[in-house]
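Since the structure comes first, as C-alpha cells, the remarks are kept for the end.
The values are calculated or read from the model by the stated rules, or taken from the named source; none is laboratory data. Note that the structure is predicted; figures quoted are calculated from it, not measured. Cβ atoms come from the backbone with ideal geometry, glycine included; neighbour counts cover every protein chain shown.
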C-alpha cells in the first residue's frame, strides 16, 4: 500500500469503508479481543490487501476522474470534507453505477 499517498487514502476512505468492511471488522474484533498486536497480523494484512485491490479497481475504472477531482478537493481544503461533498457524491454515484462498491 506504500504507493498510495496519504491524500489518496483520505479520499478513498469512504469507499474503503464499504468495500472492505468485513476485513476491517475482523481486524477490529481481533484487536479488541487480544492484547498481543502480533495476533492480528493476518487480519491486518487482509485489510491492506483489500485496500490495495479496491484502490487499483477504482483507479482503473471510469470513476478515476471523479476520484481525482475529489482527492484534489480534499487536499486543497485540507481535509474539510463538507466543502467537497458534491464531488464525493459524484464519486459515490459513479462507484455504484460501475460496481466499484
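What to note about this one:
- Boolean, residue 9 is modelled with pLDDT of 90 or more, at negative phi and in a helix (DSSP H, G or I): no
- Residue 82 being over 17 Å from the mean Cα position of the chain (by Cα), surrounded by fewer than 15 Cβ atoms within 10 Å (Cβ to Cβ) and either touching a residue at least 24 places away in the same chain (Cβ under 8 Å) or on the phi > 0 side of the Ramachandran plot (or both): no
- Condition check for residue 45: surrounded by fewer than 12 Cβ atoms within 10 Å (Cβ to Cβ) and without any contact (Cβ under 8 Å) to a residue 60 or more places away in the chain: no
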